[in-house]
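Student: I'd like to ask some things about the structure below.
The values are calculated or read from the model by the stated rules, or taken from the named source; none is laboratory data. Everything quoted here is computed from the prediction, not taken from an experiment. Using ideal geometry, Cβ is built from the backbone for each residue, glycine included, and neighbour counts are taken over all protein chains shown.
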Amino acid sequence: MNQPMPVLKHAPRPDRDVMAETFKLSSRLGAQPHPEDAVRVGIMRRIAAARLRYHGLSPLVEDVTLIVSELLTNAVQRGKGTVNITMRVDVGDLRITVTDDGAGRAIPSAPSADDESGRGLSIVVQLVRERGGEWGTKHRSDGKDGKHVWCTVPVTHNAQAGSTE
Ligand SMILES: Nc1ncnc2c1ncn2[C@@H]1O[C@H](COP(=O)(O)OP(=O)(O)O)[C@@H](O)[C@H]1O
Ligand SMILES: [Mg+2]
């Protein structure tokens, strides 16, 4: 790990998410996702940045908004139905989870230098590892199509600042 550990200024209540947003994907235009969904990714990124700052996690804004963009873009491009994003602080980690109802799996690839796509998940995995976190994906538990793609980023909690909130 070669990144300084971010310190939480405000303690989010354990039962409260740093971020929790759900949206329904618009109908596809043929194979292409609807432009409205791409706009939604940008809105989610800005909400994520604001929520991170509110919780005293400004040092994470750059990396986590990139992670949020990549995971949500994948959900918009390949998912269907409902997309859900949550960020929650849990036992020393910020956990980011993106869920969609589409079939298929999120698999990081190793693109060659001139491939124009296929880097998003590899970038997420690298950012998370540099911060000492983890990533993973799992199928929905009810047997229907859909998956959760998650990652964790370690944070420490400034108990003194948190106790004044
Ligand atoms: N939410 C998802 N649903 C289905 N497949 C996914 C999802 N996210 C990623 N994948 C699969 O993992 C691959 C790697 O994703 P990524 O590294 O973001 O590359 P890219 O999006 O440029 O293809 C994708 O090409 C796709 O096959
Ligand atoms: Mg991608």
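Student: Could you give me the residue pairs with C-beta distances under 7 Å whose first residue belongs to the range 63-79 and is closer than 13 Å to residue 128 by Cα and in contact (Cβ under 8 Å) with a residue 60 or more places away in the chain, whose second residue is in a helix (DSSP H, G or I) and more than 10 Å from ligand 2 (Cβ to nearest atom) wherever it lies, and which are 6+ apart or on separate chains?
Tutor: 63/127; 64/48; 64/52; 66/127; 67/127
Student: Condition check: part of a strand (DSSP E or B), surrounded by 17 or more Cβ atoms within 10 Å (Cβ to Cβ), near ligand 1 (Cβ under 9 Å from one of its atoms) and among the hydrophobic types (A, V, I, L, M, F, W, C). Does residue 149 satisfy that?
Tutor: So residue 149 passes the test.
Student: Of the residues in the range 50-107, how many are among the polar types (S, T, N, Q) and farther than 29 Å from residue 32 by Cβ?
Tutor: Looking only at that region, the number is 1.
Student: Another question, if that's okay. Would you call residue 75 under 13 Å from the mean Cα position of the chain (by Cα) and farther than 22 Å from residue 5 by Cα? Talk me through it step by step, then tell me what you get.
Tutor: Working: under 13 Å from the mean Cα position of the chain (by Cα): yes; farther than 22 Å from residue 5 by Cα: yes.
For residue 75, the condition - under 13 Å from the mean Cα position of the chain (by Cα) and farther than 22 Å from residue 5 by Cα - is met.
Student: Next up: Residues in the range 122-145 that are of a type in the set (Gly, Ala, Ser) and within 13 Å of ligand 1 (Cβ to nearest atom): how many?
Tutor: Here the count works out to 2.
Student: How many residues are hydroxyl-bearing (Ser, Thr, Tyr) and within 16 Å of ligand 2 (Cβ to nearest atom) if we restrict to the range 129-157?
Tutor: Residues of the range 129-157 hydroxyl-bearing (Ser, Thr, Tyr): 137, 141, 152, 156.
From the residues that got through so far, the ones that are within 16 Å of ligand 2 (Cβ to nearest atom) too are 137.
Of the residues in that region, 1 qualify.
Student: A follow-up question, please. May I ask you to list pairs of residues, at least six apart or on different chains, whose Cβ atoms are under 8 Å apart, with the first in the range 128-145 being modelled with pLDDT under 95 and the second being surrounded by 12 or more Cβ atoms within 10 Å (Cβ to Cβ) and in a helix (DSSP H, G or I)?
Tutor: 131/63
Student: Another one. Residue 27 versus (1) loosely packed, with under 15 Cβ neighbours inside 10 Å; (2) over 17 Å from the mean Cα position of the chain (by Cα); (3) in contact (Cβ under 8 Å) with a residue 24 or more places away in the chain: which is the lone unmet condition?
Tutor: So residue 27 meets the others, but not (3).
Student: Considering only residues that are in contact with a helix residue (DSSP H, G or I) (Cβ under 8 Å, 6 or more places away or on another chain), part of a loop (DSSP other than H, G, I, E, B) and either more than 11 Å from ligand 2 (Cβ to nearest atom) or farther than 23 Å from residue 144 by Cα (or both), which ones fall in the range 108-128?
Tutor: 109, 110, 111, listed by residue number.
Student: Can you tell me which residue in the range 93-121 is nearest to residue 132 (Cα to Cα), limited to those that are surrounded by 12 or more Cβ atoms within 10 Å (Cβ to Cβ) and aliphatic (A, V, I, L, M)?
Tutor: 94
Student: Could you check how many residues of the range 113-131 are more than 26 Å from residue 154 (Cα to Cα) and of a type in the set (A, V, I, L, M, F, W, C)?
Tutor: Matching residues across the range 113-131 total 1.
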